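The values are calculated or read from the model by the stated rules, or taken from the named source; none is laboratory data. The model shown is predicted, which means the values in this text are computed figures rather than measured ones. Using ideal geometry, Cβ is built from the backbone for each residue, glycine included, and neighbour counts are taken over all protein chains shown. Just the protein is used for accessible areas: all its heavy atoms, side chains included, with ligands, DNA and RNA removed. Shrake-Rupley method; radii C 1.70, N 1.55, O 1.52, S 1.80 Å.
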Amino acid sequence: MPLLPVFLPTDVLLWLLVIAAVGYGIYCARRPHLAQPWSRVFRSPGAVVAGVLLGCYLLIGLADSLHFRARLEQASASGQAAYAPEVLSLLDVALARLRAGTERSYSAPLATRAFVREMVEQPDGTTRRGFPRLRQGGAHLEDESQWTEDIARRALLGLACGAALWLLLLWSIRPLMRRAPAVPWRAGLITVGVLLALSGPVVVLAGGYHVLGTDKVGQDVLLLSLKSVRTSLVIGTLTTLVILPFGITFGVVAGYFRGWVDDVIQYVYTTLNSIPGVLLIAAAVLMMQVYVDSHPDLFPTAAQRADLRLLFLCIILGVTSWTGLTRLLRGETLKLAELEYVQAAHAFGVSHGRVLSRHLVPNLMHIVVISVAIDFSTLVLTEAVLSYIGVGVDPTTVSFGTMINGARLEMSREPIVWWSLSAAFVFMFTLVLSANLLADAVRDAFDPRVRIGVA
Amino acid sequence: MSDATQRTDRAGPTASGAAGERVLEVDGLQTDLASGAEIVHAVDGVSFELRRGECFALVGESGCGKSMTAMSLMRLLPAAGEITGGAVRLETQDLLALPEVAMRAVRGRRVAMIFQEPATSLNPVLTVGRQITEVLERHLDMTGQAARRRALELLDAVGVPDAARRLEEYPFQLSGGLRQRVMIAAALAADPEVLIADEATTALDVTIQAQILELLQGLQAARGMAILLITHDLGIVARLADRVAVMYAGEIVEFGTREGVMRAPQHPYTQMLFASLPSASRRGMPLAAIPGQVPSLARVHTLPGCRFEARCNQALARCRDVKPPMIALGQGVDAGRVRCHLRSEGRAAARAPLSAPEIWAEAEAGEASAPTLLRVENLQVHFPIQRGILRRTVGTVRAVDGVDLLLREGRTLALVGESGCGKTTAGKAILRLIEPSGGRVTLAESGAQVDLATLSRAALRGRRGVMQIVFQDPFASLNPRMRVREILEEGMVSLGRGGADAAARAQRVAALLEQVGLPGEALARYPHEFSGGQRQRIAIARALAVEPRLIVCDEPTSALDVSVQAQILNLLKQLQQDLGLSYLFITHNLAVVEYLAHEIAVMYLGRIVERGAVHEVLRRPQHPYTRALLSAVPEVDGVREVIRLGGEPPSAANPPAGCHFHPRCPQVRPDCRAAYPPAIAASPTHTARCVLLAPSPGSARA
C-alpha cells in the first residue's frame, strides 16, 4: 500500500458531522414542515451567495481532513513498508508546490526579490548587502524586466481558464435551473463567477510566484491561509457538537420539570457564566499540555499531538459556552410546556420522556438550528482571539489566530509587513460574514414570528 | 369651559340637523396584499357611504376583508398591502390622493380609529394623560394646562372613574375595560367626524362589552359622529347599528337598514349566518351550518360567478357562471341592496325570530333518571404568590375556591363565567392537568367511586381514558410537528386503548376521522394544512380516540367563526347522541349554552354563584350576577334592557369580603358584606348563593 491512512480524531468527527448533515438533509426533504423553511432559505439571494462561499471553504476544509502518511521509497531491511513521519492531507498534496517552495524569510506578494536585506554574493565573487532573488518567486524569469509582462500573461491565462470553467458550469446546471426556478441562480452564478475570476489567476500565478507573499520563515502565506480554513471549520462545528447535548438536555429539562431541577441547572449555568471563560480555557489547555508532554508514547506524530490539542480546545470551548443555548431553550420550553397540545398529551397519560422527545424537542429545533448557525461565526472569532493570546491551538497548527499572533511583530517592522495579517483578515472576514448571512437567512426562514402570510 | 359649551352646541341640535348628510364615501375600493408569490384580493370593489350621526356596521367572518377595508380608509395598511383602485372621499377630499403628510393631519383629527386589543394599542411606557395630550398637541395645538383640562374632560366623558388620578397612571395599571375607554378618549380627543371601531369590544367580557357599547352609543348621540363599526358579532350589530353591510370574500353582498337585514335578510349567506346562530329555539335540531369554507382571496378572480355559490343552499345554474350584480330592492337611499341572482325574482320572506317561546320539554325529560358520572365537591385550586429572593409566600390566588359540580351520564353541564373567574382552571383541575389544592373529584366507575383528586400518577394514568379535553385554540392544541395519524394514535398507544396492534389502530383512526367528518387522506397531513374548524375536528377526534365517557370542552368554539361554530356544535351534539358522552362545557357564550346544555353552573371569582337546569337558570335567573350577565349578551332579535354592572371583576388574590359580587351588585344590601351567602334553593334543582333569596322579611326583591 502506497499510503497509510491516519485517522485524526477531528477528521473522524468532522466527517461524521458531514454524514449527519447529509442525513438531516434527507430527513428534512421527506418532511414538508422542515423542507419548507430550508427551501425558503435558499430562495434568498444573500443565503445563496453565502452558501456558495461556505461551500468553497468546506471543500478546502474537507480536503484538508483526509490525512495519510506516504510510503517511503526505500523499504526497510525487514521488508516491512516504512512510512514517512510527516502526516499529509489531500490539500497538502494539491498544494505540494507551495509547500516545497519556501523562501528564507519575508517576501512581498508577487515579489521576485526578498524583503530583507542580506549579504548577497555578486557574480564577481564579492559580497555586498542587497535584496537577493527569491528561490521560488519569479525564479523562472531570466530578466526581472519581464516581470510585468509575465504577471499580465499569467493573470490573463488564469482569467480565461476561470471563464471557461464558469461557462462549463453554466451549461451543466442548465437543466437544474429549469427544475427549480425559485432559487436565485443568478446570485449563485455571479458569486461563482467572481470566485473563479479571482482564483483562476491566483492558481496560474502561484505556479511561479508567492501570490500572497511569504512569512518570517519563508512559508507561503496563501498556503497558510488555506490550511487555516480547516482549523476554523473544526472549531466552529465540533464545538457545537459539544454544546448541543448540554444545551438541549439542560434547557429542556429545566424548563419542563421546573422546581428544584430548574433551580440546580440555573445555579450551575449562572456559576459557570460568572467564571471568566478565558481563565477556564487557559487552565484546561495547560493541563492537557502537561498530560501530552508526560505521555509522548501515546502520540507518535506531531500532527497527532497538535490535533489532540485542537480537539481538546473544542471540548473546553463547548463546555464553557453551552449556557446561552440552555437559557434560550429553557425559556422557550417554559412557554411550550403550557401549550395545549402538551396538556393534551398529559391528559393521555403520556410519559415525561415521550412528551419531551415528541412534543417539546421537535418544536425547539428551529432555535437550535438558528443558534448553531450564529454560534459558528462567534466560535471562529473566539479561536482567533484565544490563539492570539496563546491559549488556543498548538503553535504548530496553522490557524488564523496564529497568523494574527505572528503579525504582531510584523506590524512594528519598518517597512511594514502587511500581507500576513491582510490575508488572514480577508479569509476570516469572508468566512464569518458568509456564516452570518446564512445564519440570518436561516433565522428568517425558521422564526415563526418573522413568517408572513404563511398559515 | 367655553370649549365645552361650544362642543355641546356643535354636537347638539345643530349636528342632528346635519345628520344624514354624507361624510365619508368609499367607492370601488380595491386593496391587494402580496403574500409570497400570490396576490390576495383582500378588498375587492367595496363601496359604501357613511352619514353624519349614523352607525354603519360592516359585518363578516374572519378573513372577509372587513379590517383591511378599515385599514385602507386610514391608509394604515401593512407593508405588503397596496390600494390598487377606488376612491375614499371625506366630504369632498379624496383621501387616497393625499400626500402622507396631509394624511397624518386627517388621521386622529377627522377620522379616528379604535382597535381590538386594548392591551397592545396603548404605549406601555407613556402615561394615559400623555397619550391623550399627544393627540391634542398634534391636532389642536393645545398644550400645558389647557391640554390637561381637556384630557380630564375626555376621560370623564368616556366614564373613567377618578379621572384626575388615572391621567398619571400607566396602561398596565388599568384593566382591559378601562384601557379601551382610554383608547376611545384618545380617539375622540380631536373631535373626529368619523370613528372607526374595529372589533372594539371583541376582546372584552360581556358585561364590560355592554358598558363600552353603551358608551359608544351615548357618545355618538351627543357628538353626532359617524361610527364605522366593524364586527363579526350580529348581536352587536342589532344593538348599535343604523345601517348594515355584510361582507363575504372581499365584497359587500348585502346592504340594508338594521331592521331590514335583521328581520328579512335577502342574501343566502346572511340568511345562513342567522340560521347558524345557536339559541334555545334550535335545541334538539342541528344548526344550519354553512358547508365548506370561504374561497381563497388569492383565487377569487378566477371564479366567474358568485363567490358564495359553492356553499349556497339555493344556488341557481347561472350563479356559477354569471357574477351577480348589486340589485336594489326598492326606492330611496335606505332601500336594501343585495348581490344575488335570486333577488331578481323578488324579495325573500322574513326569517323566523331566534328566541322562540319556551320549548324546554326535551330538557326536562330524563332529568333525574341519568346516573351520576362525576361529582366535584369543594374543589379548590390555590396558587401561592411568592415574593423576594427567598420565595416567601405572601398571599394566595384563590382561582377556584370551593366548587361543587354534578355531571350525569350523557348530559351536558355548562360552566359559565367571565374571563378570569376560574372556569378553565376548574376544568383542568378536574382532569388533574393542574393539581387541585383541595376537594374531591369522584368518578363513578362500575359501581365504585374513585376520588381522582388524590390518586397517584400511576393510578390516575389508568383512568385517563375516561376523561378527555378539547381546548379553545385549535392552533395551539395540535403539535405542528406531528401528522394527524400520529396525533390520533398518541393517546391510544399511551393508554393501550382502542386497538391492540397497529392494524386495529389504523382501522380505529380511519373510523374516527369519518366520525368527525374529515376525509381519510387527512391522516398523512400536518395540522397547518387545515382550517380552524377542521383542526377542532381533529382535536375532538383525538379526544374520542381513547373512548372517553366525559369530555371537558374548554371554549371549543370561541376561536371559530359563526358558521364553523355551528358545524362543531352539531358534531358535538351528534357525538353525544351516538356515544352517550357527557360534556363539561366551559364557555362564556350563553347562546351556545342555551342550545347545547342541560344543566348550567354560573361562576364568579372562583365560586359557583348559581346552578340549576338550563331553562330554570336562563329563564328565571335568581342571582343578580346571572341576571346582569344574561342581559348584557347582545341579542340578534330585539334589544333588551341591559342591567348595568359598574366596575370590573375584582382580583382573585384579594376578593372582597362577604359576597364577592357585592361591590358591583345593583341590589346590594348591608348583610352582603358580612359573609359569603350559603346556597339557597329556588327549586329542587336550582340553587343560588345570594342573600336576596333568603326568606327574610323586608328584603327588596327586584
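Residue-wise test of (1) under 22 Å from A:Ala47 (Cα atoms); (2) surrounded by fewer than 19 Cβ atoms within 10 Å (Cβ to Cβ).
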{"position": "A:Leu165", "(1), (2)": "no, yes"}
{"position": "A:Ala180", "(1), (2)": "yes, yes"}
{"position": "A:Val192", "(1), (2)": "yes, no"}
{"position": "A:Leu195", "(1), (2)": "yes, yes"}
{"position": "A:Val203", "(1), (2)": "no, yes"}
{"position": "A:Ala206", "(1), (2)": "no, no"}
{"position": "A:Asp215", "(1), (2)": "no, no"}
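Looking across B:Gln180, B:Gln220, one residue alone is in a helix (DSSP H, G or I) and surrounded by fewer than 23 Cβ atoms within 10 Å (Cβ to Cβ). It is B:Gln220.
Scanning the range B:55-97 for residues that are in a strand (DSSP E or B), under 17 Å from B:Leu297 (Cβ atoms) and not polar (S, T, N, Q) gives B:Leu58, B:Gly81, B:Glu82, B:Ile83, B:Gly85, B:Gly86. Only residues that are within 13 Å of A:Gly188 (Cα to Cα) and either of a type in the set (S, T, N, Q) or out of contact with any helix residue (DSSP H, G or I) (no Cβ under 7 Å at 6 or more places or on another chain) (or both) were counted across the range A:164-173, and they come to 1.
Considering only residues in the range A:68-88 that are surrounded by 12 or more Cβ atoms within 10 Å (Cβ to Cβ) and either modelled with pLDDT of 90 or more or farther than 26 Å from A:Leu16 by Cα (or both), the one that is nearest to the chain's Cα centre (by Cα) turns out to be A:Ala84. In the set A:Leu134, A:Leu110, A:Leu141, A:Leu156, only one residue is out of contact with any Phe, Trp or Tyr (no Cβ under 9 Å at 6 or more places or on another chain), hydrophobic (A, V, I, L, M, F, W, C) and either modelled with pLDDT under 80 or within 19 Å of A:Val204 (Cα to Cα) (or both); that residue is A:Leu156. The residue that is least open to solvent (accessible area, probe 1.4 Å), among those in the range A:413-455 that are in a loop (DSSP other than H, G, I, E, B) and modelled with pLDDT of 85 or more, is A:Val417. When the helices (runs of 4 or more DSSP H) confined to the range A:283-382 are screened for residues that are within 14 Å of chain B (Cβ to nearest Cβ) and open to solvent by less than 20 Å² (accessible area, probe 1.4 Å), those reaching at least 1 such residues are found at A:323-337, A:340-347.
Here is a yes/no grid of residues against (1) touching a helix residue (DSSP H, G or I) at 6+ places or on another chain (Cβ under 8 Å); (2) of a type in the set (A, V, I, L, M):
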position	(1), (2)
B:Ala444	no, yes
B:Asp451	no, no
B:Thr454	no, no
B:Arg463	yes, no
B:Val466	no, yes
B:Asn479	yes, no
B:Met492	yes, yes
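Of everything in the range B:327-351, what is in contact (Cβ under 8 Å) with a residue 40 or more places away in the chain and open to solvent by 40 Å² or more (accessible area, probe 1.4 Å)? Give them in sequence order. Of everything in the range B:327-351, those that are in contact (Cβ under 8 Å) with a residue 40 or more places away in the chain and open to solvent by 40 Å² or more (accessible area, probe 1.4 Å) turn out to be B:Asp334, B:Arg337, B:Arg339, B:Arg347, B:Ala349, B:Ala350, B:Arg351. A single member of A:Trp147, A:Trp171 is touching a residue at least 24 places away in the same chain (Cβ under 8 Å) and open to solvent by 80 Å² or more (accessible area, probe 1.4 Å), and it is A:Trp147.
Has the range B:227-244 got at least one residue that is in contact with a helix residue (DSSP H, G or I) (Cβ under 9 Å, 6 or more places away or on another chain), open to solvent by 10 Å² or more (accessible area, probe 1.4 Å) and of a type in the set (Gly, Ala, Ser)? There is no residue in the range B:227-244 that is in contact with a helix residue (DSSP H, G or I) (Cβ under 9 Å, 6 or more places away or on another chain), open to solvent by 10 Å² or more (accessible area, probe 1.4 Å) and of a type in the set (Gly, Ala, Ser).
Of the residues contained in the range A:44-56, none is found to be within 12 Å of another protein chain (Cβ to nearest Cβ) and either under 30 Å from A:Leu196 (Cβ atoms) or under 24 Å from the mean Cα position of the chain (by Cα) (or both).
So that you can scan it fast, the table gives a plain yes or no per residue for (1) in contact with an Asp or Glu (Cβ under 6 Å, 6 or more places away or on another chain); (2) over 27 Å from B:Tyr625 (Cβ atoms):
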{"site": "B:Ser175", "(1), (2)": "yes, no"}
{"site": "B:Ala187", "(1), (2)": "no, yes"}
{"site": "B:Glu193", "(1), (2)": "no, yes"}
{"site": "B:Thr201", "(1), (2)": "no, no"}
{"site": "B:Val206", "(1), (2)": "no, no"}
{"site": "B:Leu213", "(1), (2)": "no, no"}
{"site": "B:Ala221", "(1), (2)": "no, yes"}
{"site": "B:Met225", "(1), (2)": "no, yes"}
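Look at (1) surrounded by 17 or more Cβ atoms within 10 Å (Cβ to Cβ); (2) over 30 Å from B:Gly218 (Cβ atoms); (3) within 14 Å of chain A (Cβ to nearest Cβ) and you find that B:Ala79 fails only one, number (1). Of everything listed in (1) touching a residue at least 24 places away in the same chain (Cβ under 8 Å); (2) closer than 30 Å to B:Ser47 by Cα, the single unmet condition for B:Val106 is (1). Using the structure shown, decide if B:Gly517 is crowded, with 20+ Cβ neighbours inside 10 Å, under 23 Å from B:Gln565 (Cα atoms) and away from every other protein chain (no Cβ under 12 Å). The answer is no for B:Gly517.
All told, B:Gly395 falls short of being open to solvent by 60 Å² or more (accessible area, probe 1.4 Å) and either more than 11 Å from every other protein chain (Cβ to nearest Cβ) or hydrophobic (A, V, I, L, M, F, W, C) (or both). Tell me, yes or no, whether the range B:185-197 has at least one residue that is buried (at least 22 other Cβ atoms within 10 Å of the Cβ), among the β-branched types (Val, Ile, Thr) and under 16 Å from the mean Cα position of the chain (by Cα). No, the range B:185-197 has no match at all.
Of the residues that make up the range B:292-302, is at least one touching a helix residue (DSSP H, G or I) at 6+ places or on another chain (Cβ under 9 Å), basic (Lys, Arg) and either outside any helix (DSSP H, G or I) or more than 28 Å from B:Gly235 (Cα to Cα) (or both)? No, because not a single residue in the range B:292-302 is touching a helix residue (DSSP H, G or I) at 6+ places or on another chain (Cβ under 9 Å), basic (Lys, Arg) and either outside any helix (DSSP H, G or I) or more than 28 Å from B:Gly235 (Cα to Cα) (or both). Only one entry of A:Arg309, A:Arg330 meets the criterion of being under 25 Å from A:Pro245 (Cα atoms) and at pLDDT 90 or above, and that entry is A:Arg330.
For the range B:252-264, a residue qualifies if it is touching a residue at least 12 places away in the same chain (Cβ under 8 Å) and surrounded by fewer than 24 Cβ atoms within 10 Å (Cβ to Cβ), and the qualifying residues are B:Thr257, B:Arg258, B:Gly260, B:Met262, B:Arg263, B:Ala264. Taking the conditions exactly as written (open to solvent by 40 Å² or more (accessible area, probe 1.4 Å) and more than 14 Å from chain A (Cβ to nearest Cβ)), does B:Ser47 satisfy them or not? In short, yes. For the range A:7-26, the criterion of being buried (at least 19 other Cβ atoms within 10 Å of the Cβ), in a helix (DSSP H, G or I) and among the small types (Gly, Ala, Ser) is met by none of the residues. When the residues of the range B:473-486 are narrowed to those that are touching a residue at least 40 places away in the same chain (Cβ under 8 Å) and more than 8 Å from every other protein chain (Cβ to nearest Cβ), which ends up most open to solvent (accessible area, probe 1.4 Å)? Only one residue tops the list, namely B:Phe475. Within the bounds of the range B:584-594, is there any residue that is part of a helix (DSSP H, G or I), at pLDDT below 90, more than 18 Å from B:Thr424 (Cα to Cα) and aliphatic (A, V, I, L, M)? Checked against the condition, which is being part of a helix (DSSP H, G or I), at pLDDT below 90, more than 18 Å from B:Thr424 (Cα to Cα) and aliphatic (A, V, I, L, M), the range B:584-594 yields at least one hit.
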